[in-house]
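Written out below as structure tokens is the structure these notes cover.
The values are calculated or read from the model by the stated rules, or taken from the named source; none is laboratory data. Given the structure is predicted, the values throughout are model-derived calculations rather than measurements. Ideal geometry is used to build each Cβ from the backbone, glycine not excepted, and the neighbour counts take in all protein chains shown. Each accessible area value is taken on the protein alone, full model and side chains, heavy atoms only, with ligands, DNA and RNA left out. Shrake-Rupley method; radii C 1.70, N 1.55, O 1.52, S 1.80 Å.
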Amino acid sequence: MSLAAIIPAKDEAERIAATVQAVRDLGAEVVVVDDGSSDDTAELARAAGATVVQHRRNQGKAAALTTGLAEIGDVDQVLFVDADLGESASAVGVLVPPVADDEADMTIAILPPQGPGGGHGFVVRLARGGIRRLTGWEATQPLSGMRCLNQAALHAGSPLAAGWGVEVGLTVDVLQAGLRVREVPCELRHRVTGSDWRGQVHRAAQYRDVARALGVRRWRAMRR
């Protein structure tokens, strides 16, 4: 079976090479979508063996994933991998077997506690509650970006919800299509978003995009 990984990245020069190498060691074709970086992310990813596609300006996570999907074409399984995982990205390999063995259509990584920092959980509560209301499913980590999907799940989730609403949109769409979702513990380490003004701006954008994703999908569900 063929396996490809899409890594959306913006200004991840510090960790992108290690992330790419760890995922390539899993036997995956790796596509990095450089989403308007101002550093050497693209060059370092390419040197590490990834196929690199560049956006001249930042278009957001969902747009980067969509660009990556167009690049890889028709493969059996697709991994979505965050760029800041470094060497720990090798742990995403545990997401593949349930999909490859036809036990799930989409797997979602459950990460261990990441240490100090982070927000107050407003976005997580919004996402978890919205998924529950729309599907009846209780997500442990509804914003987790590390996922493995088969073609049925990709089809159900297309087009991807915009911006930071992509993960919540995927979960709702895949479940509403009657497909199987499984959460899998995954020993991953990523950079924790701080509590400074940049972190607050990031969380505000997350909240906005998650709310939009849930709103669109609630309307669609009511029309059925």
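Checking the stated criteria, Leu69 turns out to be under 14 Å from the mean Cα position of the chain (by Cα) and either at pLDDT 95 or above or small (Gly, Ala, Ser) (or both).
When the criteria are applied in full, Val33 fails the requirement of being under 23 Å from Asp173 (Cβ atoms), of a type in the set (Val, Ile, Thr), open to solvent by 10 Å² or more (accessible area, probe 1.4 Å) and touching a Leu at 6+ places or on another chain (Cβ under 8 Å).
Condition first: within 16 Å of Gly157 (Cα to Cα) and polar (S, T, N, Q). Now tell me which residues in the stretch 44-80 satisfy that. Within the stretch 44-80, Thr66, Thr67, Gln77 meet the criteria.
Considered as a group, the residues in the stretch 2-25 that are surrounded by fewer than 18 Cβ atoms within 10 Å (Cβ to Cβ) and in contact with a strand residue (DSSP E or B) (Cβ under 8 Å, 6 or more places away or on another chain) include one that is modelled with the highest pLDDT, and that residue is Arg24.
Residue pairs whose Cβ atoms lie under 8 Å apart, sitting 6 or more positions apart in sequence or on different chains, and linking a residue in the stretch 131-151 that is on the phi < 0 side of the Ramachandran plot and basic (Lys, Arg) to a partner that is at pLDDT below 95 and open to solvent by 60 Å² or more (accessible area, probe 1.4 Å), are Arg133/Arg218.
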